[in-house]
1. State the volume of the convex hull built on the alpha-carbon positions of region 127-223, expressed per residue in Å³ and rounded to an integer.
2. Relative to the longest principal axis of the C-alpha atoms of the chain, give the angle of the C-alpha long axis of helix 59-68, reported between 0 and 90° and rounded to the nearest 10°.
3. Give me the number: length gained by fully extending residue 138 to residue 68, i.e. 0.36 nm times residue separation minus the C-alpha to C-alpha distance, one decimal in nm.
4. Once you have the Cα-Cα distance between residue 165 and residue 200, take 0.36 nm times their residue separation minus that, and quote the gain in nm to one decimal.
5. Given a cut-off of 22 Å, what percent of all Cα-Cα pairs of region 2-119 lie beyond it?
6. Which angle from 0 to 90°, rounded to the nearest 10, does the C-alpha axis of helix 84-93 make with the longest principal axis of the chain?
7. Quick one: P(r) of the chain from all Cα-Cα pairs, 5 Å bins, percents rounded to integers, in order of increasing distance.
8. Restricting to bridges with both residues inside the chain, how much of the DSSP beta-bridge set is antiparallel, in percent to the nearest 5?
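Please treat every number below as a calculation from the coordinates, not as lab data. Just so you know, these numbers come straight off a predicted model, no measurement behind them.
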């Protein structure tokens, strides 16, 4: 994968770069918020490893600008130990994963490889449709009434799970396991955040399609049609 490492601590950034390069990834670096935005917009990256605390402006601002510009690179936020607010803010703003500092390099590499597997997964259906909601799995495009909606990779994957079996209630735990493909420390709020983001972007009110909260279970995508 082509990976952009956005980290102003040069010793740590160099360690991450070397570890990723040893496992076959092509790595670029940026040290400030403005540099990160320019680099990510000027070049295609499969993944951006994005520190929260950066010179210029924060990683949250970098993330906001990338998502507003419809940059579809996966983003993994690097957050301070125990800062729950940072993790929630990152996920709400469009990040796909997060890793708390300090972290073991082995864990970072494992999460990167999990993201790579998701990106190259073989899909069983090429087009999914639920009412006015359509998904082209091959092109990774989602439309509502024919109008394209920009989703982050994680948002796409959560929605894809729900669209594959309309009407079925998926637990938060199952959604996490199928999207992140690992045991993890996420609480149920992680899935709630992604569902909230999807509801806001898809704006399905009045369309006959809705992501329904199934009390005591999780979420289901339903259509009146």
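1. Each residue corresponds to 91 Å³ of Cα convex hull volume.
2. 50 degrees
3. 22.9 nm
4. Result for the pair: 10.5 nm of gain on full extension.
5. Tail fraction, whole percent: 23.
6. Here the helix axis deviates by roughly 60 degrees.
7. Taking every Cα pair in the chain, the percentages come to 1, 6, 15, 18, 19, 16, 11, 7, 4, 1, 0, 0.
8. Here the share of antiparallel DSSP bridges comes out near 50 percent.
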